[in-house]
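Inspection log for the structure reproduced underneath, given as structure tokens.
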Amino acid sequence: MDFQLTSAQRDLASGFRSFCERRFDRDRLRGLVDRDRPPGMVDRELWAELAETGVFCLRLAEDDGGVGLGTAEAALVFEEAGRALLPGPLVATHLAASLPGRVGTGAASGDLVVGLAAADQFPLLVEHLDAVDELLIRSPDGIRRIDRSALRATAIRTPTDPCTPLHHVATVPDGALIADAAAAERLLREGAVLTAALQLGIAGKLTEMSTRYAREREQFGRVIGGFQAVKHLCADMLVRTEVARAAVYAAAVTLDDPEAGDPAVAVPTAKLMADEAATRNGKDATQVHGGMGFTWEVDVHLYLKRAWVHATQYGGPEEHEEALAATL
Amino acid sequence: MDLRYTEAEEGFRAELRAWLASALPTLPGKPDRADWPGRRAYDTAWQRMLFDAGYAGVHWPVEAGGRGATPTEHLIFLEETERAGAPYVGANFVGLLHAGPTINAAGTEEQRRRYLPGILSGDDVWCQGFSEPGAGSDLAALRTRAVRDGDEYVLNGSKIWTSHAEVADYCEMLVRTDPDAPKHKGISWLIVPMDAPGLSVRPLDTIMGTSEFAEVFLDDVRVPVANRVGEENDGWRVTMVTLSFERGTAFVSEVVACRRLLRELASLARAMPRSPDATAWDDTTLRRELGHLTAEFEALWALTKWNVSKASRSGVPGVGGSVFKLRFSETKQKAYDLAHRLLGRAALCVEDVAGLPSGALVDERLSSLSYTIAAGTSQIQRNIVGERILGLPKER
Ligand SMILES: Cc1cc2nc3c(=O)[nH]c(=O)nc-3n(C[C@H](O)[C@H](O)[C@H](O)COP(=O)(O)OP(=O)(O)OC[C@H]3O[C@@H](n4cnc5c(N)ncnc54)[C@H](O)[C@@H]3O)c2cc1C
């Protein structure tokens, strides 16, 4: 056992981090939020560049034109995507790349933006609908491809997360089954782990932002990080992040190698711990930033709102807690 | 990232499992919690069995009489012994996890030869005399004096919350050797025999009503200078060595125990009637809380593997222990809070009632309250995380 990143894994993560810093820095993020919003909040040019880095075809075999890496590597990349707050249906498109046919090929190459919604949600809110070229619906019997022209959807005027536009879909038209129940189940697990990785990135970034602020902001003649009440909020944020990190990496490794653990336990553990780390860190970060934390111009709220979105994807706490209780 | 155990590691596990299966049935029955001599004899008997089988100080270096197991093998050792229901390290805790490793790292050759074998065989039981009535969290504020007189130190003062003091042979003790130096600079680390004239022990009752720890009084106790580990007035550095060992692995087997606890609580919930046609298990809130705690302990187990792997690469335990200790101690208390809720009014009895395992659960719940206090309180751990990991300024 050697549960640490290999040097190749470290390089992959830092390479993707510098890509994000170059191509999606804070100005670009704020531009999207405050000025030039592309349809569905997906910037096609950036999407194409993301595809070039291999994000979408990361786990496809090299023979199929992919990078040939595993879920562990994908988790590291998605952690960085979470840190950078990259918008768009990244996980859905990445998952779709493993599906057969035109949808899979298009998703893998970055030519298609693919959305994936869960049929059993009420109300059914579909993300980034104005951007997606293909909409897939996941239900226990498999994955269906929906005919976009048959879809009647109402745009939500003010989605909580300004980077995640939503449409309300009242009735789902029938679609063609393109993958079976086993594939749906597999996508659900992988989606849960990769979304947990996004949350891990958010949790870590919030810890950094808060710690930096606590080191700079002065009150009563000293920096606020010297006050224990603030220091302890930051310490708790770090602890949540590190506990989530161990759980997310363990789940990713377990999906690649089921002999390393039990996916039925590891996956819900990762999603629960990471959702909690991201959402609670979002709250604590708002607190550490004081009145600034309540302003639109400080990024904390963007991270918290995104964390709330992810916490409803690929299973919420009810589902995962029940799943774990059932293993006892 | 590789979570698979190597063939050698699996071999170690299989061999250990086989030995545990044959050895455990020969262990004498567990003594009553209040019976200290009985507890010491029991813990010593177990240590002796480990010793004879070559598992004593499994992670200690071979030169020190250990087996030189890798950190991962040590993890496997802790996991397997807990899983098999083997006794806790008990009265041998301080010797095996603190004093031994410290003497090995910072002591002289003579000290290693003299003290390590007794720790490994279980013949010598050690206790830790760090805390004092006026120096708990602020450990360096300790006042017990050691004044040099020829080749002896003369000790005066008192220690408190000293676990196992009633049955210990030696104490790893912090004393002030230079009262004029800044508080961290005038401390020395001493080996004090518990039968030294002038040393007396007064048991202190805990909230469980048993005497887990004691007060130790020192009245002109004479200790050879040769019993000092490390340089005079350099005891704080030696203490940091001791504490890193304490936080490194002290709680690993407990995570395994907590996962078992949750399974026990689940089966108790399934059997616990709540109404004519429902059991406690039908309570969604309780069920989900059990699910959540499962995630907590699974994640803590993954974190343990992360920390162990990291330490194997760097060679030092690191501050990851504080992250772990903080979350683990608070989560463990939550698990027992849940047990309490499940037991209902049976939680009012520190004994089994109506066929329910309330005795052990209530006792353990009380005991778990010490986890956020002993070995550095949660507040102190948060300071460590904030200052040493996040680099926030120190308290003034
Ligand atoms: C079961 C048990 C076994 C023990 N065994 C041993 C042993 O074998 N040997 C030994 O030497 N010691 C032992 N101890 C002592 C233990 O290490 C101390 O109790 C502990 O370090 C806390 O010190 P204190 O009790 O003086 O509490 P205090 O330091 O007085 O703390 C009281 C409260 O104030 C808080 N506090 C204190 N300082 C700060 C601060 N700077 N910032 C924020 N909050 C603060 C604490 O977190 C706590 O909540 C044991 C304790 C227990 C409970």
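For this structure, a couple of remarks:
- Residues located in the range A:288-307, provided they are assigned to a helix (DSSP H, G or I) and surrounded by 16 or more Cβ atoms within 10 Å (Cβ to Cβ): A:Val288, A:Gly293, A:Val300, A:His301, A:Leu302, A:Tyr303, A:Leu304, A:Lys305, A:Arg306, A:Ala307
- Residue among B:Ala69, B:Ala34, B:Ala56, B:Ala45 that is assigned to a loop (DSSP other than H, G, I, E, B) and closer than 12 Å to B:Gly122 by Cβ: B:Ala56
- Check on B:Gly321, within 12 Å of another protein chain (Cβ to nearest Cβ), more than 25 Å from the chain's Cα centre (by Cα) and closer than 24 Å to B:Val241 by Cα: no
- Checked against (1) touching a residue at least 60 places away in the same chain (Cβ under 8 Å); (2) over 27 Å from A:Pro268 (Cα atoms); (3) within 14 Å of the ligand (Cβ to nearest atom), B:Lys394 passes all but condition (1).
- The condition (being more than 10 Å from chain B (Cβ to nearest Cβ), in a helix (DSSP H, G or I) and buried (at least 20 other Cβ atoms within 10 Å of the Cβ)) is satisfied by just one residue among A:Ala285, A:Ala274, A:Ala250, A:Ala246: A:Ala285.
- Members of the range B:282-330 found to be surrounded by fewer than 21 Cβ atoms within 10 Å (Cβ to Cβ) and touching a His at 6+ places or on another chain (Cβ under 8 Å), listed by number: none
- Check on B:Ala106, closer than 30 Å to B:Gly66 by Cβ, touching a residue at least 12 places away in the same chain (Cβ under 8 Å) and more than 16 Å from the ligand (Cβ to nearest atom): yes
Residue by residue, here is whether (1) facing chain A (nearest Cβ under 10 Å); (2) in a strand (DSSP E or B); (3) in contact with a Lys or Arg (Cβ under 7 Å, 6 or more places away or on another chain) holds:
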{"position": "B:Leu326", "(1), (2), (3)": "yes, no, yes"}
{"position": "B:Ser329", "(1), (2), (3)": "no, no, no"}
{"position": "B:Gln333", "(1), (2), (3)": "no, no, no"}
{"position": "B:Leu338", "(1), (2), (3)": "no, no, no"}
{"position": "B:Leu342", "(1), (2), (3)": "no, no, no"}
{"position": "B:Ala360", "(1), (2), (3)": "no, no, no"}
{"position": "B:Asp363", "(1), (2), (3)": "no, no, no"}
{"position": "B:Leu366", "(1), (2), (3)": "no, no, no"}
{"position": "B:Val385", "(1), (2), (3)": "yes, no, no"}
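- Qualifying positions in the range A:171-180 - under 15 Å from A:Asp120 (Cβ atoms) and exposed (fewer than 14 other Cβ atoms within 10 Å of the Cβ): A:Thr171
- Scanning the range B:80-100 for residues that are part of a helix (DSSP H, G or I) and more than 16 Å from the ligand (Cβ to nearest atom) turns up B:Glu80, B:Thr81, B:Glu82, B:Arg83.
- Residues that are touching a residue at least 24 places away in the same chain (Cβ under 8 Å), at the interface with chain A (Cβ under 8 Å from one of its Cβ atoms) and closer than 17 Å to B:Ile76 by Cα within the range B:255-302 comprise B:Glu298, B:Leu300, listed in sequence order.
- Inter-residue pairs, beta-carbon under 8 Å, first more than 7 Å from the ligand (Cβ to nearest atom) and in the range B:373-384, second outside any helix (DSSP H, G or I), 6+ apart: B:Ile384/B:Val319; B:Ile384/B:Gly376
- Residue match in the range B:53-65 (condition: at pLDDT 95 or above and either in contact with a Phe, Trp or Tyr (Cβ under 8 Å, 6 or more places away or on another chain) or among the β-branched types (Val, Ile, Thr) (or both)): yes
- Whichever residue in the range A:253-271 is buried (at least 24 other Cβ atoms within 10 Å of the Cβ) and not aliphatic (A, V, I, L, M) and, among such residues, is nearest to the chain's Cα centre (by Cα): A:Lys271
The values are calculated or read from the model by the stated rules, or taken from the named source; none is laboratory data. Treat the numbers as computed from the prediction; the structure is a model and nothing was measured. Methodologically, a virtual Cβ is constructed for each residue, glycine included, from the backbone with ideal geometry; neighbour enumeration extends over all protein chains shown.
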